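Since the structure comes first, as structure tokens, the remarks are kept for the end.
The values are calculated or read from the model by the stated rules, or taken from the named source; none is laboratory data. Not measured: the values here are computed from a predicted model. Cβ sites come from the backbone with ideal geometry, for glycine too, and all protein chains shown count toward neighbours.
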Amino acid sequence: MIQAHITDRFEQAAFDGDRIAQLARHVCRRFDMSEGVVGVVIVDDSTFRRLHREFLDRDGTSDCLSFDLSDEGQRCLEVVVNGQVAVDQAQARGHGIEAEIALYTVHGLLHQLGFDDVDEQAAVDMHAMEDAILTEQGYGRVYAD
């Protein structure tokens, strides 16, 4: 069984945490992770910038960070979503905040499940997979929107 925990530390956007948890479980099962824990944490931009600097030694901001916190006993994945970037991008792209949070959740999980976007073709493949998963889960094509 996959446990999914959603923690909202960004109060400026409403979304359905249960639906994001269901999405996270779906992504994991789709890539043969049948047991483990997934955490999705939505934070404000200043918290995100601090984590970005602390863990990647990068100044500035981005949309999400993801971590594999697994140990020998259990698979554990964590995605940190920048709530402010999600709000800004949702407005710019003309869809809801939940769809943008869903996109970042999928993106972060895919990084931990073997996908990467280090070169142009890998990025195209990864974004196509994101939209396929988001379409399966009723969000539609969020990245390509």
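Of note:
- From the list Val142, Val118, Val124, the lone residue that is out of contact with any strand residue (DSSP E or B) (no Cβ under 9 Å at 6 or more places or on another chain), crowded, with 17+ Cβ neighbours inside 10 Å and modelled with pLDDT under 95 is Val142.
- Scope region 45-59; condition of a type outside the set (S, T, N, Q) and surrounded by fewer than 15 Cβ atoms within 10 Å (Cβ to Cβ); matching residues: Arg50, Arg53, Glu54, Phe55, Leu56, Asp57, Arg58, Asp59
- When restricted to residues that are closer than 14 Å to Glu98 by Cα, at pLDDT below 95 and either part of a helix (DSSP H, G or I) or polar (S, T, N, Q) (or both), region 6-63 contains 1.
- Boolean, Ser62 is more than 19 Å from Gly138 (Cα to Cα) and buried (at least 18 other Cβ atoms within 10 Å of the Cβ): no
- Annotation note: of Leu56, Leu77, the sole residue that is hydrophobic (A, V, I, L, M, F, W, C) and more than 15 Å from the chain's Cα centre (by Cα) is Leu56.
- Of all residues in region 28-42 being in contact (Cβ under 8 Å) with a residue 60 or more places away in the chain and of a type outside the set (A, V, I, L, M), the one that is surrounded by the most Cβ atoms within 10 Å (Cβ to Cβ): Cys28
- Selection within region 64-81 - under 20 Å from Phe115 (Cα atoms) and either of a type in the set (S, T, N, Q) or assigned to a strand (DSSP E or B) (or both): Cys64, Leu65, Ser66, Phe67, Asp68, Ser70, Cys76, Leu77, Glu78, Val79, Val80, Val81
- Against the test of being within 17 Å of the chain's Cα centre (by Cα) and free of Cβ contacts under 8 Å to residues at least 12 places away in the same chain, the options Ala122, Ala99, Ala132 yield a single qualifying residue, Ala132.
- Checking each residue in region 10-27 for being touching a residue at least 60 places away in the same chain (Cβ under 8 Å) and more than 15 Å from Ser66 (Cα to Cα) picks out Phe10, Gln12, Ala13, Ala14, Phe15, Asp16, Arg19, Ile20, Gln22, Leu23, His26.
- Residues within region 82-113 that are among the small types (Gly, Ala, Ser), surrounded by fewer than 24 Cβ atoms within 10 Å (Cβ to Cβ) and under 15 Å from Gly140 (Cα atoms), tallied: 4
- Where Leu77 falls short, out of the listed (1) of a type in the set (A, V, I, L, M); (2) closer than 18 Å to Gly138 by Cβ; (3) surrounded by 22 or more Cβ atoms within 10 Å (Cβ to Cβ): (2)
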